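Accompanying notes for the structure given below.
The values are calculated or read from the model by the stated rules, or taken from the named source; none is laboratory data. None of the values given here were measured: they were computed from a predicted structure. Note: ideal-geometry Cβ built from the backbone for every residue, glycine included; neighbour counts use all protein chains shown. Just so you know, the surface numbers come from the protein's heavy atoms only, side chains and all, with ligands and any DNA or RNA stripped out. Shrake-Rupley method; radii C 1.70, N 1.55, O 1.52, S 1.80 Å.
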Amino acid sequence: MSSGERQMYYAFVITAAVLFGLQFFFNKLYQGQNGSGFRTAVFFAFGTSLVCAAAMLCIQKFRIEFTLYSFFLSSLSAITLILYTFCSIKAIEKINLSLYTMFGMLGGMILPFLVGVFCYGEELTVKKIISAVLVLLALVLGTDHKMGYKAIFYGIAVFFLNGMIGVLSTVHQAEQKSSVSSASFMFLKSVFAAVICFCILLFLRKPKQIDDRKPSFVKTSVSVLGYGIMNGIGNWLILIALDFIDASLQYTLLTGGTILVSAFISFLMKEKFTPKMILSVIVAFGATAVTML
């Protein structure tokens, strides 16, 4: 692979980091309008999955591929995605956006990193080690150790679930002979998630209105549409890049980049920044720079 091609796939990962940072904003917008109940989370997963499926259908020009191998992994990914969405909404209710992003993206880095090195024989270079250590340090610096037990629980859940999404994507892309295209895989995962959510919604009663405040239809629609597009396109770019960049390197770059983007969004949203959190962002920037060398 030429230097120009490699830079192009790095650009894919950086673009995905920007999109993932934006998706956290839409997640928080939805949670602020609709709360963090189970039915609310399922409806959000249902809506965003439909948006993602529609986006992938357009990318594939309405020609979707299918294999049993991809269907099995997309089913597991869909179940993981629903659980991740629910825990994300609960986590955002209890911790700020930048801290939530730290938990999610660290899980999305460490688990695929370990799978890439120990399961697929990816080279463990000094650059990868330094980048991973810097991102770990950024998490430690940015973590509020005075969080309650529920906040810690949902933070850890977000860590593992987002990590498993990355692991399943890595496993799928590693078997090119048995797998479908990246957009088709995202379509299958999104459709499966939408079907599960729809079935769950059929058995969930709409909660009684506690007060007169009603969620804004426009803001709710924008948050669902925005998250679905950001998440779908971001994951699609990641899947494409996985064919050319080691998972152990790619997810480190993705994590550092997303921390930077989410921190910038948190700043725009006027969330409180401590000196430790500012330092964690600087360290995350250093990790991203090392990865790009």
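Here are some notes:
- Helices (runs of 4 or more DSSP H) completely within segment 56-175 that count 2 or more residues being of a type in the set (Phe, Trp, Tyr) and at pLDDT 80 or above: 68-94, 97-119, 149-174
- When residues of segment 232-274 are limited to those that are at pLDDT 80 or above and among the acidic types (Asp, Glu), the one surrounded by the most Cβ atoms within 10 Å (Cβ to Cβ): Asp246
- Any chance Phe25 is over 13 Å from the mean Cα position of the chain (by Cα) and either in a helix (DSSP H, G or I) or more than 25 Å from Val281 (Cβ to Cβ) (or both): no
- Out of Val42, Val18, Val51, sole residue that is in a helix (DSSP H, G or I), in contact with a Cys (Cβ under 7 Å, 6 or more places away or on another chain) and surrounded by fewer than 22 Cβ atoms within 10 Å (Cβ to Cβ): Val42
- Test result for Gly37, at pLDDT below 90, out of contact with any Gly (no Cβ under 8 Å at 6 or more places or on another chain) and under 20 Å from Gly155 (Cβ atoms): yes
- Residue pairs meeting the criteria (Cβ under 7 Å; at least 6 apart or on separate chains; first closer than 12 Å to Phe244 by Cα, in segment 169-180; second open to solvent by less than 20 Å² (accessible area, probe 1.4 Å)): Thr170/Pro112; Thr170/Gly116; Thr170/Ala247; Gln173/Leu239
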